[in-house]
């Protein structure tokens, strides 16, 4: 199902310089710039922007609000025998700069080819068997027809209401499509969904690290700029009215720069957590409103026994939690000769309204997860649970959600959000990606490259 979701024909090819970390260094070898650039935020976009600027001889500083780098890349250590990804948990496709960063790190990785199971008509069935199920076939047909829609932009929910679909089918589609895009069917734009599928060029592979974390990949990739990063420095205002750009942090310390790249998550901008002087243009504020970013909760559960099958990597339960993943699938390699059992963790993921419901429950959200799994696996989840951990991104002070998605009528919003102001204030981050890679790590990195390139071109 996921391959079908991501394998529709692509209509746009990114510049070749974006497809490899190894070709992005010296874009302007004869650059002579005596000014300074400040990057606000040390997520994937900010790190990559600063890296490119640094490699081209620009004096750059990164101001990060938290006590770590990586943004929505964050690892949970010591929960089981390998790091667990609290945020982004795989590389989407092998044609991307994030995949190249993983590849050149020399960390061992593999492609997820595990089995997928569904709860349909009260039975747990494998994907190979699901094609005989009426609800599953209906979901497949709807997904296949979506790119053919050419009417006015509407929500996926409104589009689906035109079809004779059962509640079970709608639940499947919410899990397959809306949750994958970070929201619900009634908020996701059909036009935005189709545009993303038509433009994405990264590929369909799902790449996973075997024993290392994506945080370690970032640490290695961006080690040349580690000394340029100042942590625990939340920026509350940016004044670009005259001369130098002046940034002020929460402790009222000021920083001056000639140019600034803002890479903070969409909700931070929407909430006005950073004030701009002059105020941001009205069209940029409207562009922000045209994009959504909902809450996201991941529930990590370790069990004393694997009851879902050692070859299983994904489970769609048809309950309040749209999907469960088994991050331990594939972790053991042919070189392992010990008896450590790696596939002993399930992770429930819920975005949109499901994520909001679980967020209100806090740690009690585990109860909902166990109920789902007990229904599918005859009460074994509750029986074998040994430890749990809840990651609620909506409660993360400097993130406030999962990733951006297109709301109805949002055409052109990302381009407006990405546009620079007065050749002084530039914007990056996955929400500013205009070519289908929003909501991804490589998309964030590509926008960091784009913003850095805009600056380098303006000063060359």
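Looking at the structure I just gave you, is residue 88 farther than 20 Å from residue 459 by Cα, within 14 Å of the chain's Cα centre (by Cα) and not in a loop (DSSP other than H, G, I, E, B)?
no
For the subset of the range 42-82 comprising residues that are touching a helix residue (DSSP H, G or I) at 6+ places or on another chain (Cβ under 8 Å) and more than 26 Å from residue 401 (Cβ to Cβ), which member is surrounded by the fewest Cβ atoms within 10 Å (Cβ to Cβ)?
That would be 55.
Here is a list of conditions, (1) out of contact with any helix residue (DSSP H, G or I) (no Cβ under 8 Å at 6 or more places or on another chain); (2) in a helix (DSSP H, G or I); (3) modelled with pLDDT of 95 or more; (4) not assigned by TED's automatic domain parsing to the domain that holds residue 239, and residue 359 meets all of them except one; can you say which number that is?
Going through (1) out of contact with any helix residue (DSSP H, G or I) (no Cβ under 8 Å at 6 or more places or on another chain); (2) in a helix (DSSP H, G or I); (3) modelled with pLDDT of 95 or more; (4) not assigned by TED's automatic domain parsing to the domain that holds residue 239 one by one, residue 359 breaks only (1).
Would you pick out the residues in the range 186-222 that are within 17 Å of residue 44 (Cα to Cα) and in a helix (DSSP H, G or I)?
Passing the criteria: 214, 215, 216, 217, 218, 219, 220, 221.
Closer than 26 Å to residue 294 by Cβ and surrounded by 13 or more Cβ atoms within 10 Å (Cβ to Cβ): is that true of residue 125 in this structure?
So residue 125 fails the test.
Could you tell me how many of the residues in the range 166-181 are within 15 Å of the chain's Cα centre (by Cα) and assigned to a loop (DSSP other than H, G, I, E, B)?
3
Which of the following residues is more than 30 Å from residue 433 (Cα to Cα), modelled with pLDDT of 95 or more, assigned by TED's automatic domain parsing to the domain that holds residue 121 and in contact with a strand residue (DSSP E or B) (Cβ under 8 Å, 6 or more places away or on another chain): 365, 350?
None of the others qualify; the one that does is 365.
How about the range 390-401: which of its residues are surrounded by 17 or more Cβ atoms within 10 Å (Cβ to Cβ) and farther than 24 Å from residue 426 by Cβ?
390, 391, 392, 393, 394, 396
Find the residue count for the range 407-417, including only residues that are surrounded by fewer than 17 Cβ atoms within 10 Å (Cβ to Cβ) and not in a loop (DSSP other than H, G, I, E, B).
Number of matching residues: 1.
Counting only residues that are under 18 Å from residue 285 (Cα atoms) and touching a strand residue (DSSP E or B) at 6+ places or on another chain (Cβ under 7 Å), which one in the range 425-455 is surrounded by the fewest Cβ atoms within 10 Å (Cβ to Cβ)?
Checking each candidate, the answer is 425.
Identify the single condition in (1) part of a loop (DSSP other than H, G, I, E, B); (2) closer than 30 Å to residue 458 by Cβ; (3) touching a strand residue (DSSP E or B) at 6+ places or on another chain (Cβ under 9 Å) that residue 331 does not satisfy, given that it satisfies every other one.
The number of the failed condition is (2).
Among the residues of the range 92-108, how many are within 17 Å of residue 73 (Cα to Cα) and either surrounded by fewer than 20 Cβ atoms within 10 Å (Cβ to Cβ) or not assigned by TED's automatic domain parsing to the domain that holds residue 180 (or both)?
The qualifying residues number 2.
Take residue 155 and tell me if it is over 27 Å from residue 69 (Cα atoms) and either modelled with pLDDT under 95 or touching a strand residue (DSSP E or B) at 6+ places or on another chain (Cβ under 9 Å) (or both).
Answer is yes for this residue.
If a residue must be within 18 Å of residue 227 (Cβ to Cβ), modelled with pLDDT of 95 or more and outside any strand (DSSP E or B), how many such residues does the range 43-65 contain?
Of the residues in that region, 11 qualify.
Got a number for residues in the range 182-206 being within 17 Å of residue 171 (Cα to Cα) and under 15 Å from the mean Cα position of the chain (by Cα)?
Qualifying residue count, the range 182-206: 2.
Being closer than 24 Å to residue 190 by Cα, surrounded by 20 or more Cβ atoms within 10 Å (Cβ to Cβ) and touching a helix residue (DSSP H, G or I) at 6+ places or on another chain (Cβ under 9 Å) is the requirement here; does residue 261 meet it?
no
Check the range 280-303 and report whether any residue there is over 28 Å from the mean Cα position of the chain (by Cα), assigned to a loop (DSSP other than H, G, I, E, B) and farther than 20 Å from residue 351 by Cα.
no
Which number in (1) more than 27 Å from residue 238 (Cβ to Cβ); (2) part of a loop (DSSP other than H, G, I, E, B); (3) touching a helix residue (DSSP H, G or I) at 6+ places or on another chain (Cβ under 6 Å); (4) at pLDDT 95 or above marks the one condition that residue 25 misses?
It is condition (4) that residue 25 fails.
Which residues, counting only those in the range 158-198, are under 23 Å from residue 290 (Cβ atoms) and surrounded by fewer than 18 Cβ atoms within 10 Å (Cβ to Cβ)?
158, 161, 186, 198
Evaluate the following for residue 171: is it in contact (Cβ under 8 Å) with a residue 40 or more places away in the chain and touching a strand residue (DSSP E or B) at 6+ places or on another chain (Cβ under 8 Å)?
Here the answer is no, as residue 171 does not meet what is asked.
Do you know which residues across the range 367-406 are closer than 21 Å to residue 182 by Cα and part of a strand (DSSP E or B)?
Of everything in the range 367-406, those that are closer than 21 Å to residue 182 by Cα and part of a strand (DSSP E or B) turn out to be 389, 390, 391, 392, 405, 406.
Results for (1) in the same structural domain as residue 40 (by TED's automatic domain parsing); (2) at pLDDT 95 or above, shown as yes or no for each residue.
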residue: 188; (1), (2): no, yes
residue: 200; (1), (2): no, no
residue: 204; (1), (2): no, no
residue: 230; (1), (2): yes, yes
residue: 240; (1), (2): yes, yes
residue: 256; (1), (2): yes, yes
residue: 263; (1), (2): yes, yes
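The values are calculated or read from the model by the stated rules, or taken from the named source; none is laboratory data. Predicted model, so just to flag it, every value in this text is computed and none were measured. Heads up, the Cβs are rebuilt from the backbone with ideal geometry, glycines too, and the neighbour counts pull from every protein chain shown.
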